[in-house]
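Inspection log for the structure reproduced underneath, given as structure tokens.
All of the numbers you see were taken from the coordinates with simple rules; none came from a lab. All of these numbers come straight from a predicted model, not from anything done at the bench. Cβ atoms come from the backbone with ideal geometry, glycine included; neighbour counts cover every protein chain shown.
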Amino acid sequence: MIKAQRGTKDILNDEIPTWQWILENAKNVFQNAGFSEIKTPIFEATELFQRGVGDSTDIVNKEMYTFSVGGADKNSSSITLRPENTAGVVRAYIEHNLNRQSPPQKFWYFGPMFRYERPQAGRQRQFHQIGVEMFGINEPAADAEVILSAVEFLKSIGLGNLEVELNSLGCPKCKNDYRNSIKEVLAPYLDDMCDDCKMRYEKNPLRMLDCKNENCQKIFEKEEVKKVIFNDYICDECKTHFNTLLSYLDELNIKYQRNKLLVRGLDYYNRTVFEIKSSALGSQSAVCGGGRYDGLVEMLGGVPTPAVGFAMGVERLFSLVEKKEVSKLDYYIVSTNTKEALKLAQKLRSQNKKVEFDMQGRKFSKQLEKASKCANYAVILGEDEIEKGFYSVKDLNCGEQRKIENFSDLL
Ligand code: ATP
Ligand code: MG
């Protein structure tokens, strides 16, 4: 028997109402905040992710689904199933000159992402993200708007009490100074660190700070190292930007915690980075990760454009929310006259009623049994009803049956 691939999951009918409800809330909240939906392709040129996510990241190094298409032909090219959607949205933004509209340009998206990771609770190889990206605004109001949208969306699905963790990485200038001092203080310990950290040391030293390896953690605990890590290194401009954001969040009553070790996985973040976590999720606790990426549009060939956004893992949201039931039918048509049952189903559905009927001409008792399981009302179309032109309607919750003369009274 052929089974679904490891790390992928069928979403079956009993889970669909909850998925739809999550998405309806996303659409409402993000559209009310002026984000319009964007749909970009599921695969892109591999180079987009190598440059746009960064080749020091776990995603690019270990987790990409990359294919060569076009065979040995000289036109063959390398494509990758998107591991995340910021790079794709930025590519679309540049390709369609969306910067011609006056800023901000605000987008939200939903769709599957693909990462070749070890499957475990909270970690799949095909999973879904909901996210937003906002372009063109430098001011901390944009960071506040993006965090507010995330929190409001979470509130709308009953997860309003999750805490936001945030940090400022600084701008390229102060980030660079910080990076150098980190490298300097860690240099003597490099031999004792994990292979990932050895690689990160060259390519993206800040990423070392959220290494989960015990040995590495011990090194970060050393006094002289701690002093450098926790040094308040960001420049005055970045400090003002960050403090203004914090004052907005205070004003909005959004709870947050500063986490100086929060650096986020992707290479392109600067200034604000944030995560939203739920302790109910165990070790894969992050439901949302985001931040500012002011250099990315230019790096991918566009004009310099500040930007900020986030992505949420929908499967992790799903596991936290209260589940929605499959809604019952308005009517189940009980009849052995298939033609009349079909016609009535068509008529009721055209009035936006949820209706099904028996397609096998089974006994009335069997049909009523089925109806009571899946519908609020049964409409009985027996010979008498069809001949005289009325409907017998049975309330399946209380068992009461009524005669209804006019179709309009069914609505
Ligand atoms: P993690 O630390 O869990 O690996 P990440 O930093 O790789 O997260 P992001 O790239 O920021 O994750 O993606 C944003 C969100 O997408 C995460 O907070 C998480 O909710 C979800 N997510 C990421 N990878 C997976 C996965 N393999 N399976 C399910 N959800 C995922
Ligand atoms: Mg990851």
- Assuming a ≥ b ≥ c are the square roots of the Cα gyration tensor eigenvalues, decide whether region 137-183 counts as rounded (a/c under 1.5), prolate (otherwise, with a/b larger than b/c) or oblate. oblate
- Helix 86-95 versus the longest principal axis of the chain: what is the Cα-based angle in degrees, 0 to 90, to the nearest 10? 90
- Item | Average projection area in nm² (convex hull over Cα atoms of region 329-410, one quarter of hull surface) | 4.7
- Query: On full extension of the chain, what length is gained from residue 250 through residue 279, given 0.36 nm per residue of separation minus the C-alpha to C-alpha distance?
  - Reply: 8.2 nm
- Query: Using alpha carbons only, how many degrees (0 to 90, rounded to 10) separate the axis of helix 140-156 from the longest principal axis of the chain?
  - Reply: 40
- With r defined as the distance between the Cβ atoms of residue 260 and residue 191 and R0 fixed at 22 Å, what FRET efficiency is calculated, to the nearest 0.05? 0.30
- Query: Under the Karplus relation 6.51 cos²θ - 1.76 cosθ + 1.60, θ = phi - 60°, what is the ordered set of whole-Hz ³J(HN,Hα) values for region 298-313, x standing for Gly and Pro?
  - Reply: 5, 5, 9, x, x, 6, x, 9, x, 7, 8, x, 8, 9, 10, x
- Determine, from the Cβ-Cβ distance of residue 372 and residue 45 and an R0 of 45 Å, the FRET efficiency 1/(1 + (r/R0)^6), rounded to the nearest 0.05. 0.20
- Note on the structure: Between the modelled labels at residue 77 and residue 384 (7 Å from Cα along Cα→Cβ) the distance in nm is 7.1
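Sorted by packing (mean other beta-carbon atoms within 10 Å per residue), highest first, where do 149-160, 100-111 land? If you can, show how the numbers build up before the last one.
On the way: 149-160: 19.3, 100-111: 17.3.
Per-residue mean Cβ counts within 10 Å order the peptides as 149-160, 100-111.
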- Note on the structure: Within region 318-334, the residues whose backbone N lies under 19 Å from a label point placed 7 Å from the Cα of residue 20 along the Cα-to-Cβ direction are 318-319, 321-333
- Task: Starting with the highest mean, order 207-220, 47-60 by the number of other Cβ atoms within 10 Å, averaged over the residues of each peptide.
- Result: 47-60, 207-220
- By the scheme Lys and Arg +1, Asp and Glu -1, what is the net charge of all other residues having a beta-carbon under 14 Å from that of residue 4? +3
- Item | Karplus (6.51, -1.76, 1.60) ³J(HN,Hα), θ = phi - 60°, over region 215-227, in Hz, Gly and Pro reported as x | 4, 5, 4, 4, 5, 5, 7, 5, 3, 5, 6, 4, 4
- Message: Using the basic label-point model (7 angstrom from Cα toward the beta carbon), what is the residue 236 to residue 161 distance in nanometres?
- Response: 4.3
- Message: Give me the Å³ per residue figure for the convex hull around the C-alpha atoms of region 335-374.
- Response: 54
- Query: Running Debye on region 205-328 with equal point scatterers at the Cα sites and no solvent, what base-10 log of I(q)/I(0) appears at q = 0.13 Å⁻¹?
  - Reply: -0.73
- Item | Paramagnetic label zone (point 7 Å from Cα along Cα-to-C-beta, residue 352; backbone N under 17 Å) in region 374-411 | 408-411
- Message: Can you compute the label reach from residue 362? Point 7 Å from Cα along the Cβ direction, backbone N cut-off under 14 Å, restricted to region 375-406.
- Response: 375
- Message: Defining a contact as two alpha carbons under 8 Å apart and six or more residues distant in sequence, what relative contact order in percent does the chain show?
- Response: 16
- Query: Cross-link list 183/222; 9/354; 173/203; 328/373: which exceed 19 angstrom alpha carbon to alpha carbon?
  - Reply: 9/354
- Counting pairs of alpha carbon atoms under 8 Å apart in space and at least six apart in sequence, what relative contact order in percent does region 21-141 give? 26
- By per-residue mean of other Cβ atoms within 10 Å, what is the highest-first order of 5-15, 323-333? 323-333, 5-15
- Classified through the alpha carbon gyration tensor (a ≥ b ≥ c as square roots of its eigenvalues; rounded if a/c is under 1.5, else prolate when a/b is larger than b/c, else oblate), region 127-264 comes out prolate
- Note on the structure: Honestly the chain on the Cα gyration tensor test (a ≥ b ≥ c root eigenvalues; a/c under 1.5 rounded, otherwise a/b vs b/c for prolate or oblate) is just prolate
- Task: Work out how much length residue 121 to residue 95 would gain on full extension: take 0.36 nm times their residue separation and subtract the Cα-Cα distance, in nm to one decimal.
- Result: 5.6 nm
- Message: Can you compute the radius of gyration and Dmax for region 48-142, using only the Cα atoms, both in Å?
- Response: 15.9, 50
